[in-house]
1. Could you pull out which residues in segment 128-142 have an amide N less than 17 Å from a spot 7 Å beyond the Cα of D112, following the Cα-Cβ vector?
2. Given H placed 1.01 Å from N in the peptide plane, which residues other than close sequence neighbours of A131 have an amide H under 5 Å from its amide H?
3. Note the full-extension length gain between D194 and D297 as 0.36 nm times their separation in residues minus their Cα-Cα distance, in nm to one decimal.
4. Can you work out the Karplus-derived ³J(HN,Hα) for every residue in segment 180-186? Use 6.51 cos²θ - 1.76 cosθ + 1.60 with θ = phi - 60°, whole Hz, and x for glycine or proline.
5. Express as a percent, rounded to the nearest 5, the fraction of DSSP beta bridges in the chain (both residues included) that run antiparallel.
6. Arrange the following residues from fewest to most other Cβ atoms within 10 Å of their Cβ: S185, S231, S71.
7. Quick one: check the C-alpha center-to-center distance for segment 214-290 versus segment 151-173, whole angstrom.
8. By how many nm would the segment from M307 to E325 grow when fully extended, if each residue of separation counts as 0.36 nm and the alpha-carbon distance is taken off?
Amino acid sequence: MKSIRNVLCLLLIPLAIISCSKRNMMSDSKKLTIGFSVATDTFILERWNKDISIFASTAKEMGADVLVQLSAGGTKEQIDQINYLLKQRIDVLVVIAHDMEMIAGVIKQAHDAGIPVVAYDRMIMNVPIDAYISFDNVEVGRLFGKALTSAVPRGKYLIVNGSVRDNNSFLVHNGLMEVLQPFISSGSVSIVQDIWLNEWSFDEALEKIGKVFDKTTNIDAISCGNDQIASAAIQVLAERRLAGKVAMVGQDADLISCQRVVEGTQLMTVYKPIAKLASRAAHLAITLAERKAFPYDLLMDNKSGTMISSYIEKPIAVYKENMEETVIRDGFHSREDIYRNIHVVKK
């Protein structure tokens, strides 16, 4: 994870430097400045670099600057960096929280200072915020359940959830169990183990999944919280010559997972159109900074006593059969890259 984090920082830091320089050069202008705090140690490079790049380019097109701060060491470091952003005369704060609850104090400081706060991709709990924008994470779980029960209507399931610090993990789990429960109640499906991770960590997932398979290989299906966790599961399966024999799902449509889907070692990945989310988030942030109305999709409870205006995009289940009209059509990954390991490239 350390090497992934270092590469991410190298890619994203230039964006932060450019934004900082632009802010210094235009300090006397009336341009809006968006502070963006990113908890990099909880996210994989491939997904996150896309979000930041699209968000920043959209904001720039709209005439706003984006000051990106990276938090590579956990919640304390992110709190310190948000405090730094609050001193930079930002007009709006966008946050991907490392911990959905521990960050509440510094978010309250921003809110009390009259700076609008947007929770990007994951909810911030126990404190009023101005907006939340993400994908329908309950639906992600439902898509997991539908894919697995269609492929394995009877069998033993392993569930590997994401970080317990991330509210999205619980939402995905809720959607998954909504689909699985009738199969469990009828005796068609049994849960071998329901694992929760402390972080979105490949290494942690590898260790915990490995311990399960050390005890039993009698597993027919695996639900993975994301594609990084799916990569860990694939490694465990490959070591036991079971890759392709166990139905497995994940989310994020990482390139390697899309390759596994067309190659047959991963059943499905949930594609979340990041371009749509990130560009909408940039519009939302600027509108809030200008104190204008931005109609919400629904109101959600973050246990703060105030319902949060929420903007929810739709996830898409991607199988081998619809790879062309989803991930490839949107330019998320190229056909050549996805079919790189297959001799005959799909036309």
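1. 128-130
2. Result for A131 returns V117, A119.
3. Numbers: separation 103, 0.36 × 103 = 37.08 nm, distance 3.19 nm.
That pair, D194 and D297, stretches by 33.9 nm at full extension.
4. For segment 180-186, the Karplus-derived couplings read 6, 4, x, 5, 5, 4, 7 Hz, x marking Gly and Pro.
5. On the way: 7 of 45 bridges.
Percent antiparallel among DSSP bridges in the chain is about 15.
6. On the way: S185 9, S231 20, S71 24.
So the ranking, lowest neighbour count to highest, is S185, S231, S71.
7. For segment 214-290 versus segment 151-173, the Cα centre distance is 12 Å.
8. Working: separation 18, 0.36 × 18 = 6.48 nm, distance 3.65 nm.
Contour length minus Cα-Cα distance gives 2.8 nm.
The numbers here are math on the coordinates, done by the rules we state, and not lab data. Quick caveat, the model's predicted, so the values are computed rather than measured. Cβ atoms come from the backbone with ideal geometry, glycine included; neighbour counts cover every protein chain shown.
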